[in-house]
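Shown next, in structure tokens, is the structure this report addresses.
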Amino acid sequence: MVTMDARCPKCHKIATFSGKPGERIKVTCPECGNWGWVTFNGSTSDRETAIEVSHLKKIYGELAAVNDISFSVRKGEIFAFLGPNGAGKTTTVEMIESIRQPTTGDIKILGEDIQMSFDKVKEKIGVLPQEFLSFERLTVQETLVYFSNLFQRHANIDSIIVSMDLKTSENMLYKNLSGGLKQRVGVAIALVNDPDIVFLDEPTTGLDPKARREVWEVIAGLRKRGKTVFLTTHYMEEAEYLADHIAIIHKGKIIAEGSLDELISRYGDESILRVKNCKSKGTIDILRSHGFEVKTEGNGNIAVRIDYKERVLEILSILKHECVDYDTIDIRRSNLEEIFLKLTGARLSEGAT
Ligand SMILES: Nc1ncnc2c1ncn2[C@@H]1O[C@H](COP(=O)(O)OP(=O)(O)O)[C@@H](O)[C@H]1O
Ligand SMILES: [Mg+2]
């Protein structure tokens, strides 16, 4: 066990916590009740780390497409590399897959330096490239057999077909599949060698919302089967829905990293509880007398700032106790789009430049 001091970002009180080296745990500030995450010092062992990237750079002429980034991906997690078009996601993921050569930097996969021993690692990874296309005139089944023959390690193709929900399409030609089915075939190809780590570069770009959801379920299923997933995306909903850990990349740099809750508590604004169409006079004064920061909005709604989540119940109990009459209540917290905007001044959906 190791101990470490952490300063509460809210009340600035320093508290001491203990845990295992490299462990990340959720903690509550003993002073104000604000919660957050702390990661204990000490290297995570190779047993826990799937990918370790150190000081990775890729320079194209004048452009630092990837500019000195370091991060690690834990085994069994879905790691989302989130950033707008042109941020450097594909360049990074293709350096990890050994398709592109880094200008400088080190990459380890499952403890192996890929410069030295990529052949060993190759059998343990599966790849869905960006804008993936397969052979038009092969059926789904034939496609998977073809790709499976490129590897020494083999997964059972029938069980991949079932788990990707492709059974009813297995004899269809690739060219006749919908966009969503083509992407599912792409994920299926990435699984033919029963990899430990699956790289998915923008797996849902261009899909309609229903097909996107279906691909999300397939990706969530990979985690259930113990795979490590490295996902790149420019859709914040995708990262919010799927990822255990998110690294936000902008202009070749990682500008923020953590779980969704960590990112929101570190960079987001406090959550707001909104009382809609409040008909009871004096509600604002009552809430203020309990120490809440309250504003009225243009439409007459009352917005109460929630500084930590335990206070939601307190607000509800005040409203009930004072017999406050209102239509509805909703609670809103920051999302990744707002965090990205705050950190960069740009929108995730826009280009990086
Ligand atoms: N082969 C290349 N030669 C020159 N510039 C490149 C090359 N590949 C990518 N880039 C540039 O590097 C930046 C990052 O690209 P990329 O990694 O494809 O971003 P993303 O995948 O996040 O959209 C972009 O500005 C892109 O134009
Ligand atoms: Mg890309």
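Largest GNM mean-square fluctuation across Leu336, Leu138, Leu263, computed for the chain with C-alpha springs under 10 Å, falls on Leu138. Against the compact-protein benchmark of 2.2 N^0.38 Å, the Cα-based radius of gyration of the stretch 270-333 scales to 0.98. Close amide H pairs (under 5 Å, H built 1.01 Å from N) link Ser280 with Asp325, residues at least 5 positions away or on another chain. Could you state the angle between the C-alpha long axis of helix 179-189 and the longest principal axis of the C-alpha atoms of the chain, as a value from 0 to 90 degrees rounded to the nearest 10? Here the helix axis deviates by roughly 60 degrees.
Compute the whole-percent fraction of alpha carbon pairs in the stretch 49-265 spaced more than 31 Å apart. It works out to 17 percent of all Cα pairs.
For the pairs Lys10/Lys320; Lys10/Lys309; Lys26/Lys276; Lys26/Lys108; Lys281/Lys320, note any where the Cα-Cα span goes beyond 22 Å. Lys10/Lys320; Lys26/Lys276; Lys26/Lys108, as the Cα separations exceed 22 Å there. Under the shape rule built on the C-alpha gyration tensor, where the axes satisfy a ≥ b ≥ c, the stretch 178-266 is prolate, since a/c reaches at least 1.5 and a/b is greater than b/c. Selection among Thr283, Leu260, His250 by position relative to the dipole of the stretch 232-283 gives Thr283 as farthest towards the positive end (Cβ unit charges, Cα centre). Of the trypsin sites (Lys or Arg not before Pro) found in the stretch 172-226, the ones in coil according to DSSP and having at most 11 other Cβ atoms within 10 Å of their Cβ are Arg225. When you count the other C-beta atoms within 10 angstrom of each residue and take the mean per peptide, 187-195, 97-105 line up highest first as 187-195, 97-105. Based on the reciprocal of the average 1/r between different C-alpha atoms, the Kirkwood radius for the stretch 94-178 equals 15.0 Å. Note on the chain: helix-only mean residue ellipticity at 222 nm, from DSSP H runs of 4+ residues weighted -39500 (n - 2.57) and normalised by residue number, equals -8500 deg cm²/dmol.
Scanning the chain for cysteines with no neighbouring cysteine C-beta under 4.7 angstrom from their C-beta gives Cys278, Cys323.
Give, as a single signed number, the net charge of other residues whose beta carbon lies under 15 Å from the beta carbon of Ile25, with Lys and Arg counted +1 and Asp and Glu -1. In short, -2.
The long axis of helix 311-321 is offset from the longest Cα principal axis of the chain by roughly 40 degrees. For the stretch 6-109, the percent of C-alpha pairs falling in each 5 Å distance bin, counted from 0 to the bin holding the largest distance, reads 2, 11, 17, 16, 13, 13, 12, 9, 5, 1, 0.
All of the numbers you see were taken from the coordinates with simple rules; none came from a lab. Remember, it's a predicted structure, so these values are computed and weren't measured experimentally. Neighbour counts run over all protein chains shown; Cβ positions are idealised from the backbone, glycine included.
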